[in-house]
Structures are given as C-alpha cells and as structure tokens.
1. Do we find that PRO616 is touching a strand residue (DSSP E or B) at 6+ places or on another chain (Cβ under 9 Å), at pLDDT 95 or above and closer than 22 Å to GLU216 by Cα in this structure?
2. Return a yes/no flag: does the range 551-573 have any residue that is without any contact (Cβ under 8 Å) to a residue 40 or more places away in the chain and among the polar types (S, T, N, Q).
3. Residue check: is ALA236 within 15 Å of the ligand (Cβ to nearest atom) and either modelled with pLDDT of 95 or more or in contact with a Cys (Cβ under 9 Å, 6 or more places away or on another chain) (or both)?
4. Given HIS713, HIS725, which one is open to solvent by 10 Å² or more (accessible area, probe 1.4 Å) and touching a Leu at 6+ places or on another chain (Cβ under 8 Å)?
5. Being part of a strand (DSSP E or B) and hydroxyl-bearing (Ser, Thr, Tyr) is the filter here; which residues of the range 437-451 pass it?
6. For the range 366-374, state whether one or more residues are away from the ligand (no atom under 16 Å from the Cβ), surrounded by fewer than 19 Cβ atoms within 10 Å (Cβ to Cβ) and either of a type in the set (Phe, Trp, Tyr) or touching a residue at least 40 places away in the same chain (Cβ under 8 Å) (or both).
7. Do we have GLU176 as among the acidic types (Asp, Glu), open to solvent by less than 10 Å² (accessible area, probe 1.4 Å), in contact (Cβ under 8 Å) with a residue 12 or more places away in the chain and not in a loop (DSSP other than H, G, I, E, B) here?
8. Among the residues of the range 539-561, are any in contact with a strand residue (DSSP E or B) (Cβ under 9 Å, 6 or more places away or on another chain) and either open to solvent by 10 Å² or more (accessible area, probe 1.4 Å) or modelled with pLDDT under 95 (or both)?
Amino acid sequence: MKKFLLITSAIITLLSTVVFGRPGEEEYLANNNEHTFIQILSWDEAYEKARPLVEQMSLEQKVNITTGLGWEGGRCVGNTGSTINPDFPELCLQDSPLGIRFADGVSSGVAGVNAAASFDKEAIRRRGEYMGAEFRAKGIHVQLGPGVNMLRAPEGGRLWEGFGEDPYLAGIAAAETIRGIQSQGVMATVKHIIGNEQEINREKYSSEIDERTINEIYLWPFARAVEADVASVMCAYNQVNGQYACENDYVLNQLLKTKLGFRGFVQSDWAATHSTDLSVLNGLDMTMPGDITFHSGDSYFGANLTKAVKEGRIDEDRVTDMAMRIVASWYKVRQDEGFPETNIDSFRPENDKHINVQGNHHIDIRQLGAASTVLLKNDDNILPLSISRKRKLAVIGSDAGPAKNVLNCPDHGCNDGTLAQGWGSGTAAYPYLITPYEGIKSKVGDRMTVTKYLDHTNLKKAAKTASDADIAIVFANSNSGEEFIVVDNHRGDRNDLNLWNNGDELIKAVADANENTIVVIHSVGPVNMPWVRHPNIKAILWPGLPGQESGNSLADVLFGDVNPSAKLPYTIAKNPKHYPATISLGNTTEHVIPYEEGLYIGYRWFDKNDIEPLYPFGHGLSYTKFQYSHGRVQVVQGRANNITVYANITISNVGHYDGAEVVQLYLTYPAIAEEPPRILRGFEKVFIPRGCEETVSFKLSKEELSYYAVIDHDWVVPRGDFVLHVGSSSRDIKFSKRFTLD
Ligand code: BGC
C-alpha cells in the first residue's frame with residue numbers, strides 16, 4: 001500500500017523539479033517575508049462558537065467528522081468526513097513536521113533537529129510561520145507536526161524530526177513551532193504521544209516508563225505544546241506500560257486531557273487505532289486515516305461507533321465531546337473564515353493545482369541553515385576561510401555533491417548525494433537542493449580555485465585531490481528514517497552510529513593527505529568520530545539536515561558571512577557504549593522496552609556517571625570570543641509556591657567578529673529532589689557586535705524550579721539549596737551561584 005504512495009510521490013517530485021526552479025540572487029536579497037497573521041481565539045471563545053454547530057449535528061454526523069475517509073480516500077494523507085446541514089467541511093491532514101509531503105511548489109527546509117540546534121526562539125517561530133503559510137495556501141487544515149519524541153537511543157530513526165535530547169529545549173522548540181504554524185490559521189499536531197523513540201517494532205513494543213520520567217522527560221514537550229494552544233495531538237503506534245497509546249486512559253485522559261487540560265482533539269497515528277469502545281472511552285477523538293488497516297473498508301469508528309452508542313456501550317455525550325474538540329479547534333484558528341480549498345492531491349497528482357507556495361521562504365531557510373550549523377572544532381582558527389586567489393580548495397565526498405539518480409527519491413528513502421533530510425513521512429520534496437559544492441562555488445566565483453572529487457569510492461583519488469590543494473573540505477553523512485523504507489540495510493533506525501558510504505575511510509584518507517582538513521558531517525544525530533584526533537583535521541562542522549539551501553548556508557558559515565552560533569542539541573560520546581540507551585530489538589511476540597535510565601537521558605547520564613563526552617550537549621564554537629561577567633541571582637519568595645528567581649549576566653564580545661552566543665542556564669536542585677546533577681532550565685540567544693556587551697536576564701518560576709514528586713503525583717518546588725549555573729555548554733559553566741529556598 002505504501003508502494004503506491006512512493007510512485008505518486010516520485011511523479012510529484014519529478015514535476016516539482018521541472019516546474020519550480022531556484023530563486024535568483026535578487027530574490028534572495030529581497031527579504032520581505034511578510035505573512036498575514038491570524039488572531040486565534042481562546043479555547044473558551046472557540047467552544048462557544050462550536051457548541052451551536054455541534055448541537056445541530058445528529059449522532060451520525062458527529063461520528064462522521066471523527067472518522068477518516070480511509071487511506072487514499074481524499075486528497076491528503078488523512079481526510080475527515082464532512083457534514084451538510086449543519087455544514088462542516090472535510091478536513092485535510094497532511095505531513096510533515098518540516099514541510100508539505102506529497103506536493104510540489106513547496107519549501108523543504110531545515111529539520112527539527114536543526115531548529116533545535118539554532119537555540120533561537122524567534123527563528124524557530126519564523127520557521128513555523130513559513131510552514132503554516134505554505135500549508136494554508138495549499139488548503140491544508142492540519143499540519144502533522146511538530147514531532148517531539150526524544151533522542152533517547154541515538155540510533156532512533158525519526159529523532160531528527162524532533163528537537164534533541166533535552167525536554168526543556170524540545171518544549172520551547174515545540175511551542176514556538178506551534179505558535180508559528182497556528183498564527184497562519186493552520187492547526188498544528190504535536191506527535192507522537194508517547195514513548196515512540198525507536199522505529200523497529202513500533203506497532204508492537206511497549207515502552208515501560210515510570211511516572212516521574214514520563215512527566216519530567218517525555219510528556220514535558222507535550223505540556224509546553226498544550227500551553228502553546230496546540231490544536232491536535234497524535235497518539236503513537238506503540239504501547240505505553242502495556243496498553244496501546246491510542247487507547248491508553250492514563251496517557252490520554254488522565255495526563256493529557258485532565259492534568260495538562262488539553263482541549264483540542266487526539267488523532268490516531270495512521271492505523272494505530274485498535275478498538276472502538278476502549279479507544280473512545282480512553283480518550284481518542286479521531287481515527288486516522290479511518291480504515292482499520294489501509295484499504296480494509298471498515299473502521300473502528302464510523303458505523304461501529306454509531307452502533308456502540310446505540311447499544312449503550314458509549315454515551316453519546318462522549319461523541320459530542322469528540323466532535324466539539326474537532327469543531328472548536330477549527331474555529332480556534334479561524335478556519336471558518338476564508339480558508340482556501342484544498343488544492344493538492346497526494347495520490348492523484350492530475351488533480352493537484354500545483355500552486356507554488358514557496359514565497360521567499362528560502363531566505364529563512366538559508367539563514368536557519370547557517371544558524372543551525374554547529375562548529376565543533378576550529379584549531380588554529382582555520383575558519384572562517386578567506387577567499388584568496390593564492391589558495392586552492394578541494395571539495396571531497398559524495399555528500400558534497402548532487403544525487404546520481406533523482407533529486408527526490410520516493411519519501412527520500414535513499415542516500416544519494418548530499419544529505420539534507422532523513423526519510424519517511426517526515427519529509428517534503430525539494431524544489432531544488434543547493435549542494436555544498438555549488439554553494440561554495442557560487443560564494444567564491446572565480447576568486448578562488450575549487451577542485452572536486454564528489455564521490456566516496458576511490459580513496460586514492462580523494463587523497464590526490466586533497467594533496468593537490470591548500471585546504472581540503474571532506475564531507476560524509478549518516479542517515480535514518482521511518483521503518484516502512486529500508487535504506488542500505490537500515491530499517492528506519494540506524495544499525496550503528498558509523499558514517500555511511502565509506503565516510504570514516506574517506507575522512508582519514510583526506511586528512512592523511514592534507515594538513516588543513518575540514519570535516520563536514522550531515523547527519524540525523526550523533527555519529528562516531530574515530531578520526532577526531534587526527535592532527536590534520538583542523539575543523540569539524542555539523543550542518544545536520546539543513547534542507548534545500550544546504551550549500552548556501554554552509555558557504556555562509558565557511559567564509560564568515562555568518563558567524564556560527566549553533567549548539568549541539570545532543571551529546572556526542574567518545575564511545576557508542578557510553579550512551580544511556582540503544583535500540584531494543586526485542587522479539588516479534590512480546591517486546592518490552594524498559595526506559596531503565598529514567599531521568600538520565602542524554603547529558604544527564606554523562607554527568608551522573610562522570611563520563612566525559614567527546615562533545616557535550618550545548619557545545620558549539622564561534623569565530624569570536626565571549627566573556628561572562630557580573631553574574632547575579634535574586635530570589636523573590638512570595639507565599640506557598642509563588643517563588644521567582646531572577647538571574648542576570650553580562651556577556652561581552654571580546655573577539656574579532658560580530659556574533660551570537662547561546663547563554664545556557666542549568667540548575668542543580670536540592671538533594672531531596674533527587675534530580676540529575678544539572679538540568680537545562682533556560683537559554684537565550686543574543687547577538688552582540690564585537691567590542692560590545694549585553695546583559696542577559698532569566699526568570700525562573702514554578703515550572704523551572706519544580707521536580708515531579710511521585711508521592712504527590714504533582715510538581716513541587718523543593719526547599720533547600722539550589723545552584724544556578726550559566727554557561728556556554730552543559731560542560732562549560734562560566735558562573736555558578738548557590739541560592740536557598742525555604
Ligand atoms: C507516521 C506519522 C505520519 C502518518 C501519516 C505514520 O506512519 O508515524 O508521523 O504523520 O504516518 O503519514
């Protein structure tokens with residue numbers, strides 16, 4: 001069934017490369033990215049509007065809007081049934097978290113993991129806005145993103161769709177993305193609740209997560225999404241503590257709807273519904289794509305749901321609640337006023353109106369690509385490169401060049417040419433893809449000699465190209481994606497953290513041949529770096545998955561038009577055995593994944609066990625130097641839980657370039673809280689011209705100061721001594737100060 005989808009997407013892709021070209025330089029310079037912003041309603045206002053409409057609906061009509069039309073039953077990957085008299089439209093639900101899947105004329109920008117690496121709240125929001133603007137212009141009601149599953153086992157196939165290993169960072173990135181998307185009148189979907197951290201066996205395994213860890217780690221980004229007024233939540237394929245997520249009373253009713261107060265609708269992942277009564281009673285509001293299995297012709301909702309109500313097994317009030325949640329969400333983002341007709345068709349491209357919705361979004365994409373490129377190492381200040389006729393630059397590796405076959409293979413389930421997004425449903429067709437080689441060439445023009453070997457197979461050729469040049473830039477990648485496509489023997493999840501396509505050997509061959517070697521890694525997450533101490537490797541850059549403007553964003557950083565300011569949203573270990581978790585293979589009958597590390601995900605594990613990482617969470621260099629001074633902490637203690645802690649610190653740019661610093665705040669809690677040694681609880685990205693300084697302020701309230709006390713089943717601010725740390729990574733703390741709450 002997914003095969004058909006692959007063929008159609010290939011046709012669309014082909015069309016997109018023919019019809020939509022790349023923007024000219026002039027267009028690039030004309031930065032007037034103006035969107036029309038929608039004033040969204042409060043939930044109370046939205047429910048007030050929804051009530052009279054839903055009250056007129058018959059039971060069958062209410063059921064109809066909760067039930068998808070079935071796989072390929074409409075123009076989108078999911079469509080709901082509509083009603084006439086009262087009128088409620090068919091809703092179009094479409095992937096993905098980074099752009100529009102199965103369509104042309106769309107942008108294909110940076111992945112979630114890059115958005116996180118930027119640590120730039122405003123840029124993340126703008127990313128949401130341009131995506132929202134595109135979904136709206138295509139007449140798509142619901143965007144199936146952002147994804148917030150956590151980078152627990154670094155091999156997890158879809159973790160690049162999300163925001164890394166820290167829940168606080170993921171929470172902010174999710175909230176900003178959602179605000180951006182919904183400001184354009186499109187409903188956002190935060191997914192997949194909960195425990196969907198690996199691909200293998202995802203429809204079977206049970207993620208066993210204790211109450212505290214659920215609340216502090218895996219639910220945290222969902223909580224921030226609810227605070228940001230997200231319209232929809234998608235439940236996961238897997239089970240959580242022995243019960244399917246889409247019929248899990250604890251997850252959907254007790255946590256999401258009751259504790260977090262979520263008032264939008266819960267939709268199932270595609271064919272993740274397993275029952276009628278249990279799902280509906282335990283909190284599922286919409287089944288997607290509607291049929292039990294693709295093309296099965298029946299549904300757990302639809303006639304089965306109507307019957308369950310008529311037989312008294314489900315109260316009609318619950319169905320009214322489901323319909324209310326859907327209709328209110330629609331009103332909330334004002335889709336009752338002038339929302340465009342759906343003009344894409346995922347499965348019948350001949351019906352697609354092929355509207356180009358890219359606007360000038362490539363500007364934001366290029367900027368965010370550069371702002372999310374992490375400079376891991378820069379010995380002898382080899383970067384930024386100056387453009388000089390006297391120096392010859394070699395660009396080496398298939399990851400620096402174009403695909404040998406097609407630009408957009410179906411659902412990106414291939415690893416051909418430079419890597420700029422993973423594979424699966426979390427993708428969007430590139431309108432074009434600027435390769436690193438092209439980006440570098442167009443930056444230097446004929447002001448520098450650039451030679452190339454855009455392959456990875458012949459190490460001798462690679463070494464020769466490198467030794468003939470003054471500087472060698474060598475590229476390698478590591479890819480992953482969704483389990484319905486197997487690429488190079490990886491069933492979604494990565495089999496290991498090694499580079500693909502001979503990457504380690506290629507890097508070593510180049511470094512042996514050129515004493516000014518720069519390594520560039522396009523990857524979905526952490527990779528092994530056995531060559532990291534090679535004396536000729538002077539710089540390492542991680543541009544992650546930068547999307548369509550890849551080469552331009554990279555060239556902006558390489559040649560210093562943009563001073564790097566991104567930080568790692570995950571830890572890179574010296575040894576893959578150092579990570580707290582890996583993929584669980586299980587067996588086919590029963591598959592339990594115990595989240596044994598509990599709260600100690602990512603850097604928390606390394607800190608607790610005193611393991612030195614290769615590159616810590618939050619690490620990323622700049623071309624300039626920042627000094628931290630005048631740190632101050634002030635506690636304002638009101639009654640009960642009403643406590644606010646303020647912190648200020650002055651950051652001075654004492655180097656030679658203008659630049660932005662991500663100032664990170666970590667907290668050590670009183671021992672009674674039994675928290676990991678340090679937890680991220682604030683960050684601000686500030687741009688500071690050279691020679692200037694800025695004061696950065698943080699405000700910590702109950703949300704940041706609490707821990708989840710299992711005994712109370714609630715968040716509690718512990719009494720005692722805290723230590724507040726401010727630094728430039730989780731392991732580069734510049735200022736620490738103790739404060740006491742009593
Ligand atoms: C994925 C979802 C996606 C859906 C629709 C599922 O396989 O897990 O993330 O939104 O398909 O394509």
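The values are calculated or read from the model by the stated rules, or taken from the named source; none is laboratory data. Values in this document were obtained by computation on a predicted structure and should not be read as measured data. Cβ placement follows ideal geometry from the backbone for every residue including glycine, while neighbour counts extend to all protein chains displayed. For the accessible areas, the whole protein counts, side chains as well, though only heavy atoms, and no ligand, DNA or RNA atoms are used. Shrake-Rupley method; radii C 1.70, N 1.55, O 1.52, S 1.80 Å.
1. In short, yes.
2. For the range 551-573, residues without any contact (Cβ under 8 Å) to a residue 40 or more places away in the chain and among the polar types (S, T, N, Q): absent.
3. For ALA236, the condition - within 15 Å of the ligand (Cβ to nearest atom) and either modelled with pLDDT of 95 or more or in contact with a Cys (Cβ under 9 Å, 6 or more places away or on another chain) (or both) - is met.
4. None of the others qualify; the one that does is HIS725.
5. THR449, THR451
6. Looking through the range 366-374, none of the residues is away from the ligand (no atom under 16 Å from the Cβ), surrounded by fewer than 19 Cβ atoms within 10 Å (Cβ to Cβ) and either of a type in the set (Phe, Trp, Tyr) or touching a residue at least 40 places away in the same chain (Cβ under 8 Å) (or both).
7. no
8. Within the range 539-561, not a single residue is in contact with a strand residue (DSSP E or B) (Cβ under 9 Å, 6 or more places away or on another chain) and either open to solvent by 10 Å² or more (accessible area, probe 1.4 Å) or modelled with pLDDT under 95 (or both).
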